Amino acid sequence: MAKPMVVEIPHELGRDEARRRIDEGTARVREALGKSGIAINTLNWTGDRLDYSVTALTQTVDGQIDVGPDVVRVEVRMPLLLSMFAQKIQKIVGKEGNKLLLPKK
């Protein structure tokens, strides 16, 4: 297992609204990933932490999302084989996270 990748996404929503948006976002992601053959093994909330696990092409990625009052911390643990894509994954997580957590106009 490679070193975990961490992305911190600042927000101004407060913990409850950020958690609500992440919860809604995971429902959309589950549907989209299912169509592409990626299986979501776990999505479990414990307080303000979402533990997740997904599998694609026999490779499992897991981690957690911690929702704070002004920052969301996403940790991704991936097999060494996938770690070569860490920078690309980090950019995608940051971009999509910002879209999800930006105030709606």
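Overview of values
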read-out: Dipole in debye (nearest 20) - region 27-92, about Cα centre, beta carbon charges: Lys, Arg +1; Asp, Glu -1; value: 300
read-out: Charge tally in the Cβ shell below 15 Å around Thr42, where Lys, Arg are +1 and Asp, Glu are -1, Thr42 excluded; value: -1
read-out: Distance from region 70-97 to region 22-68 (C-alpha centre basis), Å; value: 13
read-out: Local electrostatic count, Leu81, Cβ distance below 15 Å [Lys/Arg +1, Asp/Glu -1]; value: +2
read-out: Portion, in percent, of the accessible area of the chain that falls on carbon or sulfur, probe 1.4 Å; value: 57
read-out: Cβ-based charge dipole, the chain, positive-most Cα from Gly25, Ile9, Gln87; value: Gln87
read-out: Extension gain from Val6 to Arg73, taking 0.36 nm per residue of separation minus the Cα-Cα distance; value: 23.4 nm
read-out: Percentage relative contact order, the chain, counting C-alpha pairs under 8 Å, at least six apart; value: 38
read-out: Per residue, in Å², the accessible surface of the chain once ligands and nucleic acids are set aside, probe 1.4 Å; value: 65
read-out: Gain in span if fully extended, Leu33 to Gln90, counting 0.36 nm per residue against the direct Cα distance; value: 18.8 nm
read-out: Hypothetical label at Leu81: residues of region 16-58 whose amide nitrogen lies under 11 Å (7 Å Cα-Cβ projection); value: 56-58
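The values are calculated or read from the model by the stated rules, or taken from the named source; none is laboratory data. As the structure is a computational prediction, the values presented were derived from the model and not from experiment. So basically every Cβ, Gly included, is an ideal-geometry build from the backbone, and we count neighbours across all protein chains shown. Side chains included, ligands, DNA and RNA excluded: accessible areas come from the protein's heavy atoms. Shrake-Rupley method; radii C 1.70, N 1.55, O 1.52, S 1.80 Å.
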